[in-house]
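Only one structure is covered here, and it is reproduced in the block below.
The values are calculated or read from the model by the stated rules, or taken from the named source; none is laboratory data. Bear in mind the structure is a predicted one, so any value in this text is a computation, not a measurement. As a convention, Cβ positions derive from the backbone with ideal geometry for all residues, glycine included, and neighbour counts pool all protein chains shown. Please note that ligands, DNA and RNA were not included when accessible areas were found on the heavy atoms of the full protein model with its side chains. Shrake-Rupley method; radii C 1.70, N 1.55, O 1.52, S 1.80 Å.
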Amino acid sequence: MSRVLQARGIVMTFRNGDEETEVLRGVDVELATGELVALVGASGSGKSTLLSILGLLLRPTAGEIEIAGQRVEGMSERARAAFRNQRLGFVFQFHHLLPDFTAMENVAFPAAAPAGGITPDMRRRALSLLDRVGLADRADFPATRLSGGQKQRVAIARALMNKPDLIIADEPTGNLDLRSAGQVLDLMGEVNREDGGTFLICTHDEHVAARCDRRIQLVDGRVQPQDEGSDHPD
Amino acid sequence: MFALKVARRYLTSNPAQTVLLVTGVALGVTVFIFITALIEGLAVRLTDEVTANSAHVSLEPATRLAEILPGDPAVRTEGVALVSTFQRRQIRAWRSTAELITRQPGISALSPQISGNAFLVKGEAVQPVSVTGLEPEGLDAITPITPNLVAGQGALGADGLLIGTQLAEDLGLTAGQPVLLRTDRGGERLLTVRGVFKTGLQSLDSRVAFLSLQTARPLFDLPEGVTNIEIKLDDPGRAREVADFLAGATGLRATPWQDKNLNLEDALEAQGRTGTLIQIFSLISIIIGVASALVLSAYRRRSEVGIMRAFGISGGFIVAVFMLQGLLIGLAGGLLGCVSGYGLCSFLASLTDAEGNAPLPIAPERGGYVAVLILTTIGAVLASAFPARSASRIDPLEAIQQ
């Protein structure tokens with residue numbers, strides 16, 4: 001199985017005046033294509049920071065990152081943005097849909113903005129993704145008229161729009177009721193199984209972690225070897 | 001263009017705020033147009049009033065200057081103006097000059113004249129007058145005399161004279177009565193007052209007498225030439241340009257009306273500067289209004305913009321979205337302001353007082369509409385530059401974590 005992500009020796013130090021805080025202390029992460037991986041750890045363990053670094057939203061103090069065969073740490077901001085747009089998908093705890101746009105427009109947005117408009121192909125793909133997440137009949141609904149679970153499903157469809165190599169999800173069910181959370185997890189599982197989508201899901205929720213192929217546990221800024229770690233995040 | 005669609009969507013998502021913003025811009029534009037139309041109208045009215053009874057360009061014989069021949073550059077040379085006392089200053093070739101002038105565009109009327117000083121004598125009463133000899137068919141070319149006749153008629157004939165009401169009163173004259181004209185050239189002739197006019201200008205009504213060019217010739221000892229050629233233009237504003245051209249083309253001294261009314265020109269320029277200041281302040285208020293609204297909009301949409309940045313949407317796209325909002329606001333407010341400005345100016349121009357005069361000398365057609373539309377649109381786009389730039393720099397991570 002090919003490798004989608006390989007991060008080696010990731011160090012992240014935040015500086016506040018003279019005080020330095022080392023949040024990540026040499027983290028190594030590797031994800032194979034089609035894996036569904038949970039990133040777990042207690043609050044303050046550094047998992048959100050690691051997720052931001054792997055999502056190219058934050059530059060690490062040190063370390064090497066290779067995503068879909070490309071080294072990314074030396075890229076300019078413009079190149080990182082283009083890389084995020086083309087190769088990565090994001091699902092956040094809050095759906096962060098654009099309220100002035102319909103479900104279909106929200107899904108198509110990551111492709112439409114760089115291209116200068118929604119082409120018929122983009123529209124077809126956005127509608128098929130909405131169909132995939134069970135919201136074909138809501139395509140022309142304004143985002144504000146969707147329920148919380150529906151919004152998060154639209155957000156997943158949006159993350160898939162540009163056929164990313166890696167989808168990074170930060171507490172994707174953290175803001176949903178049990179039923180909606182179950183639907184979102186089912187959906188991510190389906191996309192993973194049927195489309196071979198690779199997911200790295202940051203979560204506090206043991207139920208979410210339990211449905212992943214494997215888990216990466218962070219403890220105090222380091223990856224805990226699986227045989228040493230607890231199955232239950234704090 | 002997708003950025004335009006996003007910009008439009010942002011503006012229509014909060015119609016009340018957008019309507020307020022566009023109305024604010026439109027108000028600024030309306031003020032700009034009102035001030036422009038008022039100042040332009042005032043300038044037109046003052047110019048019309050000043051030039052209604054006088055020429056826009058006057059041609060007279062030039063002062064003859066001695067030619068300085070090139071010599072040793074080390075030797076200092078000086079030139080002097082040579083005013084001949086042996087030769088009459090006149091325009092001999094006035095017919096060909098007149099033909100040349102009438103071929104030029106924008107010339108509405110032309111009057112070759114013999115002007116000089118004289119006395120009108122009626123019994124023991126003597127009054128100094130400025131005499132203007134002109135072609136009878138061109139009597140009204142420069143100064144509208146016939147429409148202002150209060151007695152008699154405008155036909156000058158061979159011995160006719162037209163005088164103002166004040167002069168007629170000073171000499172106890174009425175239309176049809178004879179009067180002796182004695183010129184500063186020693187000419188003397190008994191003429192008949194054919195008509196009495198009242199222009200409302202004291203200088204004309206009390207000091208000027210009109211007679212025919214042929215009658216004036218022997219009186220002023222000018223059998224061929226004329227002393228001056230007076231010209232009216234379609235656009236008095238071009239007087240300086242036309243005067244420069246005619247001076248070069250004819251070798252005569254050409255004086256535009258502005259040079260005879262320097263105080264008025266200064267006043268108009270001062271008025272223009274005041275208007276420009278008000279226009280600048282109107283534009284500044286438009287720019288500040290648009291900028292502050294878009295700064296607020298950018299702040300309110302930090303999270304959305306942050307998400308776009310997280311998806312890898314370029315900073316250029318974000319800048320375009322906010323600058324297009326500025327463009328749309330500027331265009332909409334500018335167009336609305338042009339319509340309301342024209343409406344306001346037209347309404348004010350249509351108001352008349354009891355005598356049928358407009359109380360405000362406003363010129364609705366001179367509101368500077370194209371200029372204000374362009375300036376407002378550019379101003380609104382520039383005003384959006386700062387919020388656009390700050391929005392494009394929003395840290396996606398910070399926005400997501402909010």
Original post:
Out of the stretch B:7-23, which residues are buried (at least 18 other Cβ atoms within 10 Å of the Cβ), away from chain A (no Cβ under 14 Å) and modelled with pLDDT of 90 or more?
Top reply: B:V22
Subject >> Output for the stretch B:318-347, where each listed residue is under 20 Å from A:F101 (Cα atoms) and either open to solvent by less than 20 Å² (accessible area, probe 1.4 Å) or not assigned by TED's automatic domain parsing to the domain that holds B:G28 (or both) >> reply: B:I318, B:V321, B:F322, B:Q325
Original post:
What is the number of the single condition among (1) under 29 Å from B:V57 (Cα atoms); (2) assigned to a strand (DSSP E or B) that B:L167 does not meet?
Top reply: (2)
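Among the listed residues B:T276, B:T352, identify the single one that is open to solvent by 50 Å² or more (accessible area, probe 1.4 Å), assigned to a loop (DSSP other than H, G, I, E, B) and away from chain A (no Cβ under 14 Å).
B:T352
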**OP:** Kindly provide the set of residues from the stretch B:382-402 that are open to solvent by 70 Å² or more (accessible area, probe 1.4 Å) and away from chain A (no Cβ under 14 Å), ordered by number.
**Re:** B:L382, B:F386, B:R389
Original post:
Got a sec? Which helices (runs of 4 or more DSSP H) wholly within the stretch A:147-211 have at least 1 residues that are within 18 Å of A:S128 (Cβ to Cβ) and modelled with pLDDT of 85 or more?
Top reply: A:148-160
Subject >> Residue under evaluation B:I287, criteria (1) touching a helix residue (DSSP H, G or I) at 6+ places or on another chain (Cβ under 7 Å); (2) touching a residue at least 60 places away in the same chain (Cβ under 8 Å); (3) under 30 Å from B:A93 (Cβ atoms), criterion not met >> reply: (3)
Subject >> Pair list, Cβ under 7 Å, 6 or more apart: the stretch B:243-264 residue among the β-branched types (V, I, T), other residue surrounded by fewer than 17 Cβ atoms within 10 Å (Cβ to Cβ) >> reply: B:T250/B:L100
Subject >> Enumeration of residues in the stretch B:139-153 that are surrounded by 15 or more Cβ atoms within 10 Å (Cβ to Cβ) and in a helix (DSSP H, G or I) >> reply: B:N148
Original post:
All but one of (1) at pLDDT 85 or above; (2) away from chain A (no Cβ under 14 Å) hold for B:L4; which doesn't?
Top reply: (2)
**OP:** Consider B:A209 carefully, then state whether it is in contact (Cβ under 8 Å) with a residue 12 or more places away in the chain and not assigned by TED's automatic domain parsing to the domain that holds B:L120.
**Re:** no
**OP:** Answer yes if at least one residue in the stretch B:295-303 is assigned to a helix (DSSP H, G or I), within 14 Å of chain A (Cβ to nearest Cβ), free of Cβ contacts under 8 Å to residues at least 12 places away in the same chain and not acidic (D, E), and no otherwise.
**Re:** yes
Original post:
Is at least one residue of the stretch B:359-376 within 20 Å of B:A26 (Cβ to Cβ), surrounded by 21 or more Cβ atoms within 10 Å (Cβ to Cβ), more than 23 Å from the chain's Cα centre (by Cα) and β-branched (V, I, T)?
Top reply: yes
Original post:
From the list B:T255, B:T192, which one is in a strand (DSSP E or B), in contact with a strand residue (DSSP E or B) (Cβ under 6 Å, 6 or more places away or on another chain) and not assigned by TED's automatic domain parsing to the domain that holds B:A109?
Top reply: B:T255
**OP:** For residues that are of a type in the set (G, A, S) and out of contact with any Leu (no Cβ under 9 Å at 6 or more places or on another chain), scanning just the stretch B:187-236, find the one that is farthest from B:S58 (Cα to Cα).
**Re:** B:G200
